[in-house]
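FYI, it's all coordinate maths here, none of it is from the lab. Keep in mind that what you see is a predicted model, and the values were worked out from it rather than measured. No Cβ is skipped: glycine too gets one built from the backbone with ideal geometry, and neighbour counts run over all protein chains shown.
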Amino acid sequence: MAMRQTPLTCSGHTRPVVDLAFSGITPYGYFLISACKDGKPMLRQGDTGDWIGTFLGHKGAVWGATLNTDATKAATAAADFTAKVWDAVSGDEILTLAHKHIVKTVNFTQDSSCLLTGGNDKLLRIYDLSNPDAAPQEIAGHTSAIKKALWYNNDKQILSAAEDKTIRLWDRSSMQEVKTLTFDTSVSSMEYMTDGDILVITYGKTIAFYNALSLDLIKSVEAPAPINSASLHPEKDFFVAGGDDFKLYKFDYSNKEELESYKGHFGPVHCVRFSPDGELYASGSEDGTLRLWQTAVGKTYGLWKCVLPEDLGAENSEQLYTSPPEIKA
């Protein structure tokens with residue numbers, strides 16, 4: 001009897017969910033933040049999806065959200081021309097960083113001392129959070145809006161993707177461009193683990209894996225539909241992807257075979273990420289929900305409870321494990 005994937009649905013947002021990020025593993029578990037066009041980023045317990053709080057203060061759609069490694073700080077990027085830094089324990093706003101246009105992406109250094117931002121004014125900015133009144137360092141070079149920017153190579157470099165169909169690598173100290181990757185269409189997402197040796201990029205229907213040091217292409221996979229986001233499992237066994245056909249796909253990393261696909265949402269999937277322990281992955285969609293999916297279906301983990309086949313009655317023989325169908329937030 002086949003195991004059936006039962007995602008946990010996290011409600012609460014009222015508009016499309018456009019970005020999500022996990023913290024590292026802390027003494028209190030790990031956490032999940034979501035960015036939404038409703039302007040109200042939410043913090044949740046990562047393994048259950050339970051709502052912890054909502055960061056209130058933005059006056060426009062929130063396009064990007066991130067947590068620092070130990071989940072003590074959050075940062076958000078918004079259409080109100082600001083990035084904000086928050087105390088992720090109390091929910092209080094710490095800083096508002098004014099920009100000249102819509103901000104799309106935020107990323108902390110590993111020690112949380114600096115924040116990187118990027119957006120529609122085509123500039124990368126580095127803010128020293130210990131001296132927030134100081135003017136940020138600015139890096140120019142992209143010719144259209146920046147969609148994603150990440151600290152790279154132990155925070156010595158910066159990687160940015162823009163609507164100009166390029167990904168650019170920058171040296172932090174010299175602020176100079178080191179390398180440019182050019183694509184035939186705009187890059188929809190980038191994923192890079194701080195301890196990882198692989199960069200995951202999506203554009204069009206392509207999911208591409210690059211050597212993080214050389215930025216040479218390792219392999220690429222064509223999906224059945226345009227892909228907006230992909231995430232590689234921490235142990236690099238497989239990867240998941242989501243896009244315009246409302247589905248989530250799971251592929252074997254070594255042989256590139258499609259292992260599973262689920263119609264998981266009622267709208268395009270905008271973002272997907274594995275949890276830091278690799279036990280689940282989260283997806284965010286145009287339908288306004290986040291969903292949590294088990295990596296190993298049927299395992300007891302979080303709110304999923306394994307039920308052995310001999311324990312099942314005839315009335316529920318289709319479902320091999322139980323979980324609440326929806327978490328209300």
> Cross-link partners among lysines for LYS236, C-alpha distance below 25 Å, same-chain residues fewer than 8 apart left out?
Replying inline: LYS148, LYS156, LYS205, LYS219, LYS247, LYS250, LYS256, LYS263, LYS299
>> Check which residues have an amide H placed less than 5 Å from LEU129's amide H, if you skip close sequence neighbours.
In response: CYS114, LEU115
> Cα to Cα, under 15 Å, and not fewer than 8 places away if on the same chain: which aspartates and glutamates meet these conditions relative to LYS84?
Replying inline: ASP92, GLU93, ASP128, ASP133
> Ordered by residue, what ³J(HN,Hα) values in Hz, to whole numbers, does segment 136-141 give under the Karplus form 6.51 cos²θ - 1.76 cosθ + 1.60, where θ = phi - 60° and Gly and Pro are x?
Replying inline: x, 6, 10, 10, 10, x
> Which of the peptides 261-268, 173-180, 119-126, 42-49 is most tightly packed, and how do the rest follow, judged by the mean count of other Cβ atoms within 10 Å per residue?
Replying inline: 42-49, 119-126, 261-268, 173-180
>> Just to be sure I understand: with springs between alpha-carbon atoms less than 10 Å apart, which residue in TYR301, TYR152, TYR281 has the highest mean-square fluctuation in the Gaussian network model of the chain?
In response: TYR301
> Taking 0.36 nm per intervening residue step and subtracting the Cα-Cα distance, what contour gain separates ASP111 from TYR28 on full extension?
Replying inline: 28.0 nm
> By how many nm would the segment from SER220 to GLU138 lengthen if fully extended, with 0.36 nm per residue of separation less the alpha-carbon distance?
Replying inline: 26.2 nm
>> Run the reach check for LYS165 against aspartates and glutamates, Cα to Cα strictly under 12 Å, same-chain hits fewer than 8 apart removed. What comes back?
In response: ASP184
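Ratio of Rg to Rh for segment 10-311, alpha carbon only, Kirkwood?
On the way: Rg = 18.2 Å, Rh = 19.2 Å.
Using Cα coordinates only, the ratio equals 0.95.
Under the Kirkwood approximation for Rh and a Cα-based Rg, what ratio Rg/Rh is obtained for segment 26-171?
Working: Rg = 14.5 Å, Rh = 15.2 Å.
With Rh from the inverse mean 1/r over Cα pairs, Rg/Rh is 0.95.
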